[in-house]
Structure formats: C-alpha cells, structure tokens
Amino acid sequence: MSYVRRVLQSGETLLYEAKISWATYLPGLLILLLAIVVFLVVAFVFDLMNWASVAGLVLLVLSLWFLGSAWFLRWTTEIAITDRRIILKRGFIRRDTIEMSVEKVESVDVNQSLLGRLLNYGDVTVRGTGTGFAPLTNIDSPLTLRSRITGTAPRTKPSQQAQR
C-alpha cells in the first residue's frame with residue numbers, strides 16, 4: 001500500500017496523483033546509446049576489440065547507474081492532492097514528507113524548458129502562506145498538476161468577500 005493511501009484521514013478523498021516524468025530516464029538512455037555506438041565504432045571501424053569492450057563496458061555501467069537511479073526516484077516519490085492537502089513523499093529508508101493544506105496555497109509556479117514543453121514535463125513550485133514546497137522537479141504533466149492544485153483550493157463566496 002502506498003504512503004499516501006496509508007496517511008489519508010477519515011473522510012479525506014484522493015483527487016489526483018502526479019508522477020515523476022519518464023524523461024528522467026533520458027540521460028541513462030543517451031549514455032546507453034553512446035555505449036553501443038562507441039563499442040561498434042571502436043570495435044569495427046578501428047579494429048580495437050579490447051578497447052571497445054572496455055569503453056563500452058564503462059559506459060554501459062554508467063548508463064545502468066543513471067537508469068537505476070531514475071527508476072528508484074520514480075518508484076520512491078509520491079505526489080498527491082486530496083480534498084484537504086497536498087502530499088509529497090520522497091525516499092525509501094530515509095523518508096522526507098511535506099504536506100500543505102490546500103487552503104494555504106498562495107500560488108503554483110510551473111517552469112518548463114523547450115524539451116520539457118515537447119515531452120510534457122517540468123518543475124512545479126507550490127507557494128503557501130509562510131512556507132512552500134521545494135520545487136518538484138521533472139513532474140509529468142505539470143500544467144495538469146497546477147490546475148488540480150488551484151482547482152482544489154476552497155473559494156470564498158462573493159458575499160464573504162464583501163463582508164471583509
């Protein structure tokens with residue numbers, strides 16, 4: 001059972017769960033591609049099979065490290081919006097959690113690079129009264145997350161605003 005589902009309070013409803021984007025795998029995939037190219041070029045073009053094996057193996061191990069790290073980050077990070085709060089959980093053995101009441105949200109900022117716009121990922125920063133989340137990096141569909149957060153915040157009625 002996920003952390004978010006375990007900490008839901010009675011009567012609290014889970015509205016949306018965000019994920020770390022699959023784009024976190026891109027560095028590892030690019031290094032893996034480089035390992036294959038280096039192996040093929042050095043082995044067959046320059047006819048240096050021993051050097052090709054060493055260089056390809058080093059790059060392969062490096063790519064597996066990046067891919068494993070990206071998988072672990074995606075697996076251990078949970079981001080959820082309920083009707084009462086925003087929940088962020090990171091980590092496996094050492095766990096870091098941040099929770100913020102949706103009523104305390106002042107703004108939600110989204111930053112996307114050109115590649116982020118093309119692949120639909122970006123960084124989201126939630127700012128609240130007196131505190132804020134550290135930027136949530138490489139979030140899949142960041143505009144949807146922002147819309148869900150801002151759409152969850154309770155709205156004051158016009159009659160309540162006039163009384164203030």
To the nearest 10 degrees, the tilt of helix 142-152 (Cα long axis) against the first principal axis of the alpha carbons of the chain is 20
About the Cα centre of the chain, what is the dipole size in debye to 20, counting +1 per Lys and Arg Cβ and -1 per Asp and Glu Cβ, all else neutral? 680
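If packing is taken as the average number of other Cβ atoms within 10 Å across a peptide's residues, how do 19-31, 110-122 rank, most packed first?
19-31, 110-122
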Could you work out [θ]222 nm for the chain from helices alone, using -39500 (n - 2.57) per DSSP H run of at least four and dividing by all its residues? Round to the nearest 500 deg cm²/dmol. -13500 deg cm²/dmol
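So what is the diffusion coefficient of the stretch 25-72 in µm² per second by Stokes-Einstein at 4 °C and 1.567 mPa s, using a Kirkwood Rh over Cα pairs?
122
Coordinate-derived values only; no laboratory data. Small disclaimer: the values here were computed from a predicted structure and weren't measured. Virtual Cβ from ideal backbone geometry, glycine too; neighbours counted across all protein chains shown.
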